[in-house]
Amino acid sequence: MFEKYKEGQVTFLSPPIQKVPTTGMSVFYNPKSELNRDVTISVIQAFLTHYGITNARVCTPLAGTGVRAVRIAKEVDGIKCIVAGDSNPIAVELIKRNSELNEVSEIIEVHHSDANLLLTQHHRRTQRFDVIDIDPFGSPRIFFAAAIGAMKPRSLLCLTATDLPVLVGIRPKACMKRYAATPARTEYGHELAIRLLLGCAIREAASQNIGLEPLLTIYVDHYVRIFCVASKGDEAAWTAISQLGHLFHCDECGSRRLVNTLQSFSPSCPNCNSTRIQRAGPLWANHLGSRDFIDKTLREITHKPLGTKRRLTRLIKCLLEELDGPPTYFDLHKLCDKLEIPIPSFNDVVRILRAKGQFCSRTHFSPYAIRTSASVQVLHQTLLQIIKGEQNHV
Ligand SMILES: C[S@@+](CC[C@H](N)C(=O)[O-])C[C@H]1O[C@@H](n2cnc3c(N)ncnc32)[C@H](O)[C@@H]1O
Ligand SMILES: [Zn+2]
């Protein structure tokens, strides 16, 4: 019934990959999520080292085959205990067998339980966790309250969301119901997805007097993954809440403004005066990670023998490039379509915008997009100037 697979430093059992149906058998090993697990292992290690945490307590309440829990036990230093749960009895059997197979069953405590129940049973001060990893199919939203209640005063919250059609505005009503936030349909939807998800998690945490701050966030392979540090207390909760805002996107000219909730704003576009404005939020309105922390994670990635090391290193280096840039990015193809011009060389665009004193970088969200401080007007001028220059050279 089960086959053996290898990932990272572990060997484990799973139902055969090729026989995985989309419904019916919900426990399976998804090799496509290896990067998700590799980055998680690196982030947890960086977090424990950064905050000097030893004997860490970790919870994976949606553990599947247990490959993530077993890898954390084997590959992260400083772990005391991992509480791993799943509501599916086949998953529970697999987590137990995989823990034994890798000789970590003394560290991994296995529960056949609903995730919210398991988390709520760990709300008592002595039972809480240093790290909680919420990795569901679909949305992590229904686990926010129970997870936040089970976090230690300084701890790491890891969230995966695969419900991107909801977060990028294809299903706006579902987004409003699920995340109590309005999405927008824009070319930078995946960044908005991260910001909306963060905004929702921050509001839930603040209601429990906990502040969440993003340390590292990525969009990859049709899911978003966010890693946040949780800090207990009134001040931390208010600091987080005060960094929420709304995004105003002009459908006429494509210009955008991210306005902090505490600021006032004018409803029309400051660039073209249009009132065809989409408003998204509440959402996280600040940087999408911490440079110092991402640097530390990159060092862990460099030192650990990870299967996705090359791809992950490229991804994290790109995160560092774009981190200090303004919110949202521009799709070059879309801009050139609008101007009815051919697409210029990506490097030329970056070089010339930088020469004009603008921030300009690639973005990990899309290979066709740039993150820049330039206004839509400056961007249009620059693109036209490059194309004209290229034509003159011919
Ligand atoms: C995406 S898989 C987890 C994959 C795993 N984290 C990994 O890295 O391999 C989601 C798991 O959550 C379990 N699950 C879904 N809803 C649950 C709930 N309410 N409580 C506990 N487990 C649940 C499913 O049975 C499935 O095994
Ligand atoms: Zn406009």
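The values are calculated or read from the model by the stated rules, or taken from the named source; none is laboratory data. All values derive from a computational prediction rather than experimental measurement. No Cβ is skipped: glycine too gets one built from the backbone with ideal geometry, and neighbour counts run over all protein chains shown.
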- Message: On the basis of being at pLDDT 95 or above, in contact with a helix residue (DSSP H, G or I) (Cβ under 6 Å, 6 or more places away or on another chain) and either closer than 27 Å to THR49 by Cβ or in the same structural domain as GLU7 (by TED's automatic domain parsing) (or both), does ILE107 make the cut?
- Response: yes
- Query: When segment 53-91 is examined, which residues are found to be assigned to a loop (DSSP other than H, G, I, E, B) and near ligand 1 (Cβ under 10 Å from one of its atoms)?
  - Reply: PRO61, LEU62, ALA63, GLY64, THR65, GLY66, SER87, ASN88
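From the list SER255, SER264, pick out the single residue that is out of contact with any helix residue (DSSP H, G or I) (no Cβ under 6 Å at 6 or more places or on another chain) and more than 16 Å from ligand 1 (Cβ to nearest atom).
SER264
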- Message: I need the full set of residues from segment 28-50 which are among the acidic types (Asp, Glu) and either modelled with pLDDT under 95 or touching a helix residue (DSSP H, G or I) at 6+ places or on another chain (Cβ under 6 Å) (or both), in order please.
- Response: ASP38
- Task: Would you mention how many residues in segment 251-289 are in a loop (DSSP other than H, G, I, E, B) and more than 26 Å from the chain's Cα centre (by Cα)?
- Result: 17
- Message: As an exercise: evaluate SER113 against (1) among the small types (Gly, Ala, Ser); (2) under 21 Å from PRO15 (Cα atoms); (3) buried (at least 19 other Cβ atoms within 10 Å of the Cβ) and give the number of the one condition it does not meet.
- Response: (3)
- Task: Quick one: which strands (runs of 3 or more DSSP E) lie wholly within segment 153-250 and hold at least 3 residues that are closer than 25 Å to CYS59 by Cα, at pLDDT 95 or above and not assigned by TED's automatic domain parsing to the domain that holds PHE47?
- Result: none
- Message: Is it the case, given these coordinates, that GLU300 is over 27 Å from PRO31 (Cα atoms), modelled with pLDDT of 95 or more and buried (at least 17 other Cβ atoms within 10 Å of the Cβ)?
- Response: no
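Within segment 20-27, is there a residue that is farther than 29 Å from LYS296 by Cα, in contact with a Pro (Cβ under 9 Å, 6 or more places away or on another chain), in a loop (DSSP other than H, G, I, E, B) and modelled with pLDDT under 95? Show your work before the answer.
If we filter segment 20-27 for residues that are farther than 29 Å from LYS296 by Cα, which is where we start, we get 20-27.
Narrowing further to those that are in contact with a Pro (Cβ under 9 Å, 6 or more places away or on another chain): 25, 27.
Then keep just the ones that are in a loop (DSSP other than H, G, I, E, B); that gives 25, 27.
Among the residues that remain, those that are also modelled with pLDDT under 95 are: 25, 27.
Scanning segment 20-27, I find at least one residue that is farther than 29 Å from LYS296 by Cα, in contact with a Pro (Cβ under 9 Å, 6 or more places away or on another chain), in a loop (DSSP other than H, G, I, E, B) and modelled with pLDDT under 95, so the answer is yes.
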- Query: How many residues are out of contact with any strand residue (DSSP E or B) (no Cβ under 9 Å at 6 or more places or on another chain) and either surrounded by 14 or more Cβ atoms within 10 Å (Cβ to Cβ) or without any contact (Cβ under 8 Å) to a residue 60 or more places away in the chain (or both) when one looks only at segment 345-381?
  - Reply: 10
- Conditions (1) aliphatic (A, V, I, L, M); (2) within 21 Å of PHE227 (Cβ to Cβ); (3) more than 16 Å from ligand 1 (Cβ to nearest atom) -> LEU312 fails only (3)
- With the condition kept exactly as written, say whether any residue in segment 282-293 is away from ligand 2 (no atom under 16 Å from the Cβ) and basic (Lys, Arg). yes
- Task: For segment 290-394, please list each of the helices (runs of 4 or more DSSP H) lying entirely inside it that holds at least 1 residues being small (Gly, Ala, Ser).
- Result: 346-355, 376-393
- Query: Hey, among ILE142, ILE95, ILE132, which residue is crowded, with 18+ Cβ neighbours inside 10 Å, of a type in the set (Val, Ile, Thr), in the same structural domain as SER33 (by TED's automatic domain parsing) and part of a helix (DSSP H, G or I)?
  - Reply: ILE95
- Message: If ASP324 satisfies all but one of (1) in contact (Cβ under 8 Å) with a residue 24 or more places away in the chain; (2) away from ligand 1 (no atom under 16 Å from the Cβ); (3) surrounded by 16 or more Cβ atoms within 10 Å (Cβ to Cβ); (4) of a type outside the set (A, V, I, L, M, F, W, C), what's the number of the condition it fails?
- Response: (3)
